[in-house]
Amino acid sequence: MSLAHRKDSLWIVQFVHRISGLLLVLFLPVHFYVLGLALNDAAELDQFLKWTDSPAVKFAEAGLVGLLGVHLFGGLRILALEFLPWSPRQKTYAATALALSFVASVAFLLRAF
Amino acid sequence: MSQSKELLQVSVRRGTEDESGLSTYEVPQQESQTILDVVTWIQRHREPSLSYRFACRVGMCGSCAMMVNGEPRWTCRTHVQKVLRDGRLRIEPLRNLPVIRDLVCDMTEFFDKWTRAKGVFEPTETRDDEFAAIKPSDPKRMQANAAIECINCAVCYAACDTVNLNRAYLGPAALNRAWTLANDDRDGAYYDRLAAVSESDGCMNCHSHQSCMTYCPNELNPTASIAGLKRLASLAYLKGKL
Ligand code: HEM
Ligand code: SF4
Ligand code: SF4
Ligand code: FES
């Protein structure tokens, strides 16, 4: 079956939203596990935090923040599209959502170092 | 372009749902040629048994839609020049519908879904009553008008990935029709229709990726219509009417 219709930017934006949602499903359990360590196991948390000092991990974390941003701002875009009066500027909004998540991700990197 | 006699390489999917293959034909290129012209030329000059549908040839009847180079198009108003890729065309039956033969699809499920979505006007008055006075500037009328010019071509239905993954989904055209009626003050089936369109496989299944809107040849916006139904259905639910 042909995939020609999937080159439209609005289709790609929806695809990115789905992938980011699925990746969040994978990441969040780990996130909560680490938060749980803060309550239960201070020594292991310290070790984990030391591990997160390495630049590679910081970049990976910035990626996760970006991921959350993409899903959050993209999700707000979908909610606005569906629950507010129609606007013809959907591509602009999608680009704005992407830009905002990039800014969030870079801001995180600047603070992390 | 002048009357160049360059040849188009045209692959046409022939056969049935169960067994089909691409046959390739060389078709002389002409000025202002449409995809429907190409298909007709093939049938008249090369393949008399080629099955396809058309009626009006002017974008009114909605019967001539096909996949052209992988994208759904109304073929009578799609110029070859617009969709030609490297001198080639690939013409196939509409996506998401069962094929009867060659380029002809069985539209039954498409139209059954219009019925399922209560796409039929339910009058509240009779012919003996006065005309309903509805201003053209009425906001609801304007929303209905924006979605009313559907020619039932199923181009949007073929473009929709949600239909592709879930054949029970009502799809953009039927839901767009339901939206026009939901905005019709003369109609008496408002909550019945909202209930029908918000059942499983209804408007809430739409993922708003706007492929329907991108391809609708009449530049309608089923995505906006479906979003409107989602709003009305959510509101009706909150009011305890659904
Ligand atoms: C941060 C606030 C969030 C907002 C505003 C948001 C918004 C949305 C919206 C509007 C959709 C529907 C998209 C559609 O119709 O296809 C959606 C889908 C989804 N979300 Fe979120 N979401 C958020 C957080 C999350 C989180 C934390 C996760 C992971 C646990 C997540 C996972 C998913 C998944 C897997 C989908 C399905 C994607 C699809 O079917 O296309 N979301 N989200
Ligand atoms: S916006 Fe909804 S109806 Fe239109 S193509 Fe996407 S899923 Fe289908
Ligand atoms: S909404 Fe547009 S694409 Fe869909 S059937 Fe109607 S005219 Fe065709
Ligand atoms: S033949 Fe009627 S719309 Fe194309």
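Values computed for the structure shown
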read-out	value
Residue that is nearest to the other protein chains (Cβ to nearest Cβ) [pool: residues in the range A:74-100 that are of a type in the set (D, E, K, R) and surrounded by 13 or more Cβ atoms within 10 Å (Cβ to Cβ)]	A:Glu82
The range B:157-170, subset away from chain A (no Cβ under 11 Å) and in contact (Cβ under 8 Å) with a residue 12 or more places away in the chain, residue nearest to ligand 4 (Cβ to nearest atom)	B:Tyr157
Answer residue from the range B:150-163, given it is near ligand 2 (Cβ under 9 Å from one of its atoms) and assigned to a helix (DSSP H, G or I) and is farthest from B:Ser198 (Cα to Cα) among those	B:Ala159
Count of the range B:196-232 residues which are surrounded by fewer than 23 Cβ atoms within 10 Å (Cβ to Cβ), under 21 Å from B:Phe121 (Cβ atoms) and touching a Gly at 6+ places or on another chain (Cβ under 9 Å)	2
Pair list, Cβ under 6 Å, 6 or more apart: the range B:48-62 residue in the same structural domain as B:Thr75 (by TED's automatic domain parsing), other residue surrounded by 14 or more Cβ atoms within 10 Å (Cβ to Cβ) and acidic (Asp, Glu)	B:Leu50/B:Asp102; B:Ser51/B:Asp102
Breaking point among (1) in contact (Cβ under 8 Å) with a residue 24 or more places away in the chain; (2) in a loop (DSSP other than H, G, I, E, B), for A:His71	(2)
Matching residues, the range B:1-59, being surrounded by 14 or more Cβ atoms within 10 Å (Cβ to Cβ) and in a loop (DSSP other than H, G, I, E, B)	B:Gln29, B:Gln30, B:Gln33, B:Arg46, B:Glu47, B:Leu50, B:Ser51, B:Tyr52, B:Arg53, B:Phe54, B:Arg57, B:Gly59
Single residue of B:Phe111, B:Phe121 found to be part of a helix (DSSP H, G or I), of a type in the set (Phe, Trp, Tyr) and either on the phi < 0 side of the Ramachandran plot or touching a residue at least 12 places away in the same chain (Cβ under 8 Å) (or both)	B:Phe111
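The values are calculated or read from the model by the stated rules, or taken from the named source; none is laboratory data. The structure presented is a predicted model; accordingly, all values stated were derived computationally and were not measured. Methodologically, a virtual Cβ is constructed for each residue, glycine included, from the backbone with ideal geometry; neighbour enumeration extends over all protein chains shown.
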